[in-house]
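Colleague: Below is the structure I would like to discuss, written out as structure tokens.
The values are calculated or read from the model by the stated rules, or taken from the named source; none is laboratory data. Since the structure is predicted, the reported quantities are computational estimates derived from the model, not experimental observations. FYI the Cβ positions are ideal-geometry reconstructions off the backbone, even for glycines, and counts take in every protein chain you see. The accessibility values were calculated without ligands, DNA or RNA, using every heavy atom of the protein model including side chains. Shrake-Rupley method; radii C 1.70, N 1.55, O 1.52, S 1.80 Å.
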Amino acid sequence: MTRVEQIRAALQQALDPLLLEVEDDSHRHAGHEGARDGRGHFNVHIVSAAFEGKLPIARHRAVYAALGTLMDTDIHALSIRAEAPVKNR
């Protein structure tokens, strides 16, 4: 399983997103000091009802918690766009 697949699976299981986009941006950071240990750079856009009523910091913490040890073993940098679903008025 690729890193993107692992990230997707972890977020899907923990947060049941309505939308989930994961992009591996590691190629743009080749040679970067922090990425020399082989961990990657990723962008995540996630929309989940689990984020309703939560401040952005709580949403980010939920993403980090869902990723668990991947944050230590596979991810060097993570850009997160975490949103609650927009409700029709």
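Colleague: Quick check: pseudo-label points 7 Å beyond the Cα along Cα→Cβ at M1 and D25, how many nm apart are they?
Modeller: About 2.4 nm separates the two model spin labels.
Colleague: When only C-alpha pairs under 8 Å and at least 6 residues apart count, what is the relative contact order of the chain, in percent? Write out the running numbers ahead of the final one.
Modeller: Numbers: 123 pairs, mean separation 30.5, N = 89.
Computed value for the chain: 34 percent relative contact order.
Colleague: A further question on this structure: On C-alpha positions alone, give me the angle between the axis of helix 3-15 and the longest principal axis of the chain, in degrees, nearest 10.
Modeller: 30
Colleague: Out of all DSSP beta bridges in the chain, what portion is antiparallel? Express it as a percent rounded to 5.
Modeller: Values: 6 of 14 bridges.
So the antiparallel bridges amount to about 45 percent of the total.
Colleague: Taking only protein heavy atoms and a 1.4 Å probe, what accessible area per residue, in Å², does the chain have with all protein chains in place?
Modeller: Numbers: 5680 Å² over 89 residues.
That works out to 64 Å² for each residue.
Colleague: For mean projected area of the Cα convex hull in nm², one of (i) 5.3; (ii) 6.7; (iii) 6.1 was computed from the structure I shared and the rest are decoys. Which label?
Modeller: (iii)
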